[in-house]
Structure formats: C-alpha cells, structure tokens
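The values are calculated or read from the model by the stated rules, or taken from the named source; none is laboratory data. Because the structure is predicted, anything quoted here is derived from the model rather than measured. Glycine gets a Cβ as well: all are built from the backbone with ideal geometry, and neighbour counts include every protein chain shown.
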Amino acid sequence: MTKKITVKTNRTFTEEFKKSCVKEYESGQLSVLELSKLYQIQSVIIYRWIYKFSAYNKRRIRVVEMADNSKQKLKEMQKRISDLERIVGQKQLNIDFLEKMIELAKDQYGIDIKKNFDTSYSPFVAIPAPTDVGVIYQMSSTNFHK
C-alpha cells in the first residue's frame, strides 16, 4: 500500500489581483464561492481580501451572499413585475379606447352610454362605429335590438 503525498506550495498574490477579485465580488459578477473555484483559492482568504480592500464590507460586519435559489427567485419576481406592468399598460390602453368610444358616441350620435347610477335603463340602441369594425350596443334587461 502506497500513500499519496501532496506538497502544498504557498502562493502569493499581488495587491492588484486581490483588489480585482474584490471588485468582481462587489460588482456582483462572481460570488465568493465562484471566485474560490475559479482561482483555486480558499474562500476564507477571499473574505480576508474583501474585509481588507472593500469599501462596503468591514470587519465585524457579516457578509451574506444570496444563494443561487434566491437569485433565481429574484429574477423570476422581476420578470413577473415587468409582465404585470406590461399587462397594466395594455389594460390602460383598452380603458382609454373605450372612454374615447363613449365620448364619440355621445358627440356624434347624441347618445349617453356611460353608466349613470341615478338614471333608469334605456332600451337597446345600435350605434354604428365610426369605422366598419362593428356595432356598439346599449343593453336593456327587456329588449334586444340591433
């Protein structure tokens, strides 16, 4: 049986290299774990560099990194927010269009189809649209006319 013996060599790093690693960490490009794997340096050493060269992280302040799961969740939430903002914008365009149609119906045909709570219902009235898209209907609970 033979034993495998490895000899560790002490590596020294320039201050420029240390600062560049800290800058990569601070910019969010790489995490401490990723830096450790990339340069084959123990994470403890990288944390020492962060405490020494970072303007944000000083000693006795715990450095907490987001886990990959948290990063993924944050990206999903940001995507959901942008999707919801897009949907709200589309709905607002739809509301603006319908309000303009109500205004045109009142101006061109003299028919007030805006819902008023204090007035009684009027029978169905067909209003030709300004373009040949379709017909706007005003509904009544008893009659249905086109």
- How about the range 16-51: which of its residues are of a type in the set (Lys, Arg) and either within 24 Å of LYS75 (Cβ to Cβ) or touching a residue at least 24 places away in the same chain (Cβ under 8 Å) (or both)? LYS18, LYS19, LYS23, LYS37
- For ASP83, work out the one condition from (1) loosely packed, with under 11 Cβ neighbours inside 10 Å; (2) assigned to a helix (DSSP H, G or I); (3) modelled with pLDDT under 90; (4) of a type outside the set (S, T, N, Q) it doesn't fulfil. (3)
- Extreme residue, modelled with the lowest pLDDT, among residues of the range 91-128 that are assigned to a loop (DSSP other than H, G, I, E, B) and of a type in the set (Val, Ile, Thr): THR119
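Would you point out which residue out of LYS73, LYS58 is at pLDDT below 90 and not in a helix (DSSP H, G or I)?
The conditions single out LYS58.
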- Item | Selection count where residues are over 23 Å from LYS71 (Cα atoms) and either of a type outside the set (Val, Ile, Thr) or assigned to a helix (DSSP H, G or I) (or both), scope the range 21-41 | 1
